[in-house]
1. Just the number please: accessible area per residue for the range 161-314, 1.4 Å probe, all protein chains included, in Å².
2. Give me the orientation-averaged projected area of the Cα convex hull of the range 64-195, in nm², one decimal.
3. Principal axis lengths of the range 118-255 from Cα atoms, whole Å, largest first?
4. Using R₀ = 35 Å, calculate the FRET efficiency as 1/(1 + (r/R₀)^6) where r is the Cβ-Cβ separation of Gln104 and Lys145; round to 0.05.
5. Based on the Cα coordinates of the range 156-198, what is the per residue volume of their convex hull in Å³?
6. At a 1.4 Å probe radius, carbon and sulfur cover how many percent of the accessible area of the chain?
7. What percent does the relative contact order of the range 62-177 come to when contacts are Cα pairs within less than 8 Å and at least six residues apart?
8. Which entries in the list Lys114/Lys187; Lys114/Lys206; Lys214/Lys257; Lys228/Lys257; Lys114/Lys169; Lys18/Lys290 go over 21 Å, if you measure between the two C-alpha atoms of each?
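The values are calculated or read from the model by the stated rules, or taken from the named source; none is laboratory data. These numbers come from a predicted model, not from an experiment. Note: ideal-geometry Cβ built from the backbone for every residue, glycine included; neighbour counts use all protein chains shown. Ligands, DNA and RNA are stripped out before the accessible areas are found, and what is left, the full protein with its side chains, is counted by its heavy atoms. Shrake-Rupley method; radii C 1.70, N 1.55, O 1.52, S 1.80 Å.
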Amino acid sequence: MYTIPGHHHISMITKNAKQNNYFYRDVLGLRRVKVTVNQDDPSMYHLFYGDKTGSAGTELSFFEIPLAGRTYRGTNAITQIGLLVPTEKSLIYWKDRFEEYGVQHSDITTYANKPALHFEDSEGLRLVLLVSNGEKAQHWETWQKSNVPIDYQIQGMGSVEMTVRRLDKLADTLTQVFGYTEVSRMKNEAIFQSIQGQVLGEIVVKTLDGPSEKPGRGSIHHLAIRVKDEVELAYWDKQVRARGFHSSGIVDRFYFKSLYFRESNGILFEIATDGPGFTIDGEIETLGEKLDLPPFLEGRRAEIEEKLQPIEGD
C-alpha cells in the first residue's frame, strides 16, 4: 500500500507573465526555477517558482493566458493556497513587507489552527502564510539569491483550501482512495492530512452552495499531489479508475510524469512523480533564466519563441 507524502505543485492562471514574475520572484522572494510552455498549447508560457531547485512541495506554477477574464468566485473550486513560513516573527516581517509593496493583506490571525497572514496577488489569487513551527517541504533548499532573508523565506506549500457543494463526496475520495486522515470536522468545514500531523499535504475543505466558480486570471487550475515514481503512479491510476473516475492515463511531462482526474465535485487533481525534476535540462546555477522546452517541442523552438513576449528581467 502506497501513501501520498504531500503536495507536489499547484497550478494557476495569470493574464500577464511579466507582472506575475515580478510578484512571485521579487515580492515573495521565490526562485523562478523554470520558464517553459504549456505542453498542450505551446503558445502560452508555463512558469514555475519554488525553492533553489523547484523541489516537489514548493512549486507554484502559472499558465499565462493573455485573454483571461476576471474570476467569478463560487463553489466547486480550489480557493486558497497556504505557504509555510518558519515562525510567528516571520508573519510580522511579511506584514511589513506587504505594506511596503502595496500588497492587499489581512491582519495576523489564525487559519487551520495555525498563526496566519492572508494576502492576495495583483490578480486576486488568494494565499495565506502559515507558521510551520519547523515543518517545511521535505527537500526544501534555501535559495541564497532571494531578496527575502533566509529566516523568513517561504519553505513550501501548506494547507490548500477547496470549496465544494458536497463535502462528504470529496472527503470520501481523499480518505477512501488516497488514505488521507480527517483530523478536524466542524459543521461546514473539515481538514484532511495525507500524513497525519503534517501540514505539507493538508487540505481544508469548506462547504458552499451556489454557482460554481467561473475561472479566469487569479484562479487555481489544479492541485498536484506527490508520488515517488512511475510504479506508484501506475498504482494510483488503477485506484482512480476502480472508483469510477476518468483518468487521463499517465502523461510524460518530461520534468515529471503524471495523471489527471476530476473528483465528484469537479475539482481537478493531478498525481505527479517527484522526478526527474527541473535539473534534467538545466544547471542549478542558471535554472529559470532561459526558455526550456521538452524534447518533443525543441524542433519548434523558433516558432514558439516568436509568439512569446519577453518576461521582465530576462
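1. Values: 7550 Å² over 154 residues.
So the range 161-314 comes to 49 Å² accessible per residue, rounded to a whole number.
2. On the way: hull surface 40.0 nm².
Seen from a random direction, the Cα hull of the range 64-195 projects 10.0 nm² on average.
3. Sorted largest first, the three principal extents are 47, 39, 32 Å.
4. Numbers: r = 27 Å, r/R0 = 0.77.
Plugging the Cβ-Cβ distance into 1/(1 + (r/R0)^6) gives 0.85.
5. Cα convex hull per residue, to the nearest whole number: 74 Å³.
6. 48
7. Numbers: 167 pairs, mean separation 42.2, N = 116.
So the answer I get is 36 percent.
8. Lys214/Lys257; Lys114/Lys169
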